[in-house]
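Encoded as structure tokens, the structure appears first; notes follow it.
The values are calculated or read from the model by the stated rules, or taken from the named source; none is laboratory data. Just so we're clear, the structure is a prediction, and the values are computed from it rather than from any experiment. Reconstructed Cβ throughout: ideal geometry from the backbone, glycine too, with neighbour counts over all protein chains shown. Keep in mind that these areas ignore ligands, DNA and RNA; they rest on the heavy atoms of the full protein, side chains included. Shrake-Rupley method; radii C 1.70, N 1.55, O 1.52, S 1.80 Å.
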Amino acid sequence: MGRDLKRSLTIAGHRTSLSLEPEFWEALRKAAARRKLSAAALAAEIDQTRGGRNLSSAVRVWLLNEAGDRR
């Protein structure tokens with residue numbers, strides 16, 4: 001895996017940063033495109049249901065579950 005890439009997003013009207021490996025950024029981009037959303041919009045949806053996890057972890061877990069559901 002490559003090094004983490006940190007990107008800034010606007011979620012619920014505030015700026016935040018999200019640090020993910022390049023492979024997860026690509027998976028997030030593809031998942032968002034399937035839903036006709038931007039990556040930031042999908043991250044905002046994930047943010048609303050993340051519970052106590054930090055956002056980067058929540059995105060990874062969401063993508064893992066998404067991959068399992070698509071099989």
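From largest to smallest, the equivalent ellipsoid semi-axes obtained for the chain from the alpha-carbon gyration tensor read 17, 14, 13 Å.
Here the extension length gained between E45 and S19 equals 7.7 nm, from 0.36 nm per residue of separation less the Cα-Cα distance. Which loop trypsin sites (Lys or Arg not before Pro) in the stretch 1-55, with loop taken from DSSP, have no more than 11 other Cβ atoms within 10 angstrom of their Cβ? Here the sparse-neighbourhood loop sites are R3, R35, K36. Dividing the mean sequence gap of close Cα pairs (under 8 Å, 6+ apart) by how many residues the chain holds gives a relative contact order of 25 percent. Note on the chain: with neighbouring protein chains present and a 1.4 Å probe, carbon and sulfur make up 48 percent of its accessible heavy-atom surface. From its DSSP helices (H runs of at least four residues, each -39,500 (n - 2.57)), the chain gives a residue-normalised ellipticity at 222 nm of -17000 deg cm²/dmol. Protein heavy-atom accessible surface, 1.4 Å probe, per residue over the chain: 67 Å².
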